[in-house]
Amino acid sequence: MTLHLLQDIAPQTPLSDPFSPAAAQSAVLELDGARLVAVATLPQRARGAIGKRETAIFRQAIATASERRLPLLMLIDSAGAKVDEGVAVQGNLRAVIGELLVQRQRIPGILAALGRHTFGGASLMAMCADQRLYTPGNRLAMSGPRLLYARNPDPRRVDAIISAASRLRRDPDGHTTSGTPAALRDDIARWLASPRRCSLNVHPEADGGESTPSARENPSQLNQSRVSQSRRGQQARIDCHGSAPPDHLALADLALAIGCLPAGLSLILRCQWSCHSLRAIDEARLQSLALVRLASTIEHRVRSGAAVELAIDGELSGGIYLALAACASQVRLTARGRVRSLPSRVAELITPRGDHPQASAEHLHALGIIDTLEVRDEH
């Protein structure tokens, strides 16, 4: 996907800021008589990596689509978050993913067209859409290939897992596109003329199969070693135990536990999990979609009038932080809480200097990563 793809799809379309150095652009397009808001990453600029400037452009596009009740098109070709911006990118991505899920109620359809790369936070943004168009060479994962190769012994298996062909088998709302401007234009026009809404929420009455994250039928079947729950009066508490990253079943258990809570109960979600999984078997289950379904389940509960507080009780980072924090009513640090863009041992595989130093609670609050400086221990 190129700098001019928005104008290739709809000639004569003025870009939001054609002279901006950001790796993203947006525009309001008119296509076959229909108007829509479009926003695109620019892979020739920093590999389309997403940071402060780019998230601001996406947020403005989301706001425009919501205010004008126009469909939203996201053209995503991105290596993921700008790791050199440190933990600040977590606050920026939290805002984008949260606004995508919240504003889905007002935006009449969201389509993501995926270029060659869709990694990290970009993969979560793509999964917030109602439908996705995969180009033949697309590779999508919650972690970049370098991390997956380092943690999994068979690089060919990794390549197969993150390929468009593999993702299409797992994505119930995924479709193919050749990715040329003419084909994209036709595919977008067909999407505009079709029913565009899908549900991401996890409900206990959901049907089985790939559309349901968990094969378990009720909360009594949860794996108590990773997810447990308790209740006191009108407040529920769910604990995510252990610092090891959750596998796909633990993610499904957590989403199911939240989805099965009685209406109206406030929830404290206390998390010790450190990061999303880097295991090939979990990526094979389309981890990015599982994380977004978890975030959407929290959004649905908050929208229904029940408060959800995320209490960070260990070092939290990556896609787990984004899934839990994006739509939470409040995010709070406990005395043991920490937030990073990625665990230090993982960041060292991406950049020689590793992750930035741990930010103070005050700095995390200023960045929108946490919502309160209150620190209290509930043990």
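Just so you know, in the range 108-157 the residues that are polar (S, T, N, Q) and surrounded by 24 or more Cβ atoms within 10 Å (Cβ to Cβ) include one that is nearest to R279 (Cα to Cα), and it is S143.
Residue by residue, here is whether (1) outside the structural domain of R332 (by TED's automatic domain parsing); (2) modelled with pLDDT of 95 or more; (3) within 28 Å of R146 (Cα to Cα) holds:
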{"residue": "A23", "(1), (2), (3)": "yes, no, yes"}
{"residue": "L29", "(1), (2), (3)": "yes, no, no"}
{"residue": "T55", "(1), (2), (3)": "yes, yes, yes"}
{"residue": "R68", "(1), (2), (3)": "yes, yes, no"}
{"residue": "L73", "(1), (2), (3)": "yes, yes, no"}
{"residue": "N92", "(1), (2), (3)": "yes, yes, yes"}
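Scanning the range 279-298 for residues that are under 23 Å from D154 (Cα atoms) and without any contact (Cβ under 8 Å) to a residue 60 or more places away in the chain turns up I281, D282.
This table checks each residue for (1) at pLDDT below 95; (2) crowded, with 22+ Cβ neighbours inside 10 Å.
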site	(1), (2)
G242	yes, no
Q287	no, yes
A290	no, yes
R301	no, yes
G305	no, no
E309	no, no
E315	yes, no
S329	no, no
R338	yes, no
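If I go through the range 269-278 residue by residue, how many of them are in contact (Cβ under 8 Å) with a residue 60 or more places away in the chain and assigned to a strand (DSSP E or B)? Result for the range 269-278: 1. Here R237 clears all of (1) charged (D, E, K, R); (2) crowded, with 21+ Cβ neighbours inside 10 Å; (3) farther than 25 Å from C198 by Cβ except the condition numbered (2). Could you list, in sequence order, the residues of the range 44-64 that are crowded, with 24+ Cβ neighbours inside 10 Å and more than 11 Å from S26 (Cα to Cα)? Within the range 44-64, G48, A49, I50, T55 qualify.
Scanning the range 173-189 for residues that are part of a helix (DSSP H, G or I) and either of a type in the set (G, A, S) or not assigned by TED's automatic domain parsing to the domain that holds L31 (or both) yields a total of 3. When the range 270-292 is filtered for residues that are of a type outside the set (A, V, I, L, M, F, W, C) and over 13 Å from M142 (Cβ atoms), the ones remaining, listed by number, are R270, Q272, S274.
Within the range 112-124, residues that are more than 21 Å from I188 (Cβ to Cβ) sit with their Cβ atoms under 7 Å from residues that are part of a strand (DSSP E or B), at 6+ positions apart or across chains, in these pairs: F119/S78; F119/A141; G120/A81; G121/I50; G121/A81. For the range 66-84, a residue qualifies if it is farther than 21 Å from A27 by Cα and surrounded by fewer than 19 Cβ atoms within 10 Å (Cβ to Cβ), and exactly one does: D84.
The values are calculated or read from the model by the stated rules, or taken from the named source; none is laboratory data. Just so we're clear, the structure is a prediction, and the values are computed from it rather than from any experiment. Because the Cβ atoms are built from the backbone with ideal geometry, glycine has one as well, and the counts that use them run over all protein chains shown.
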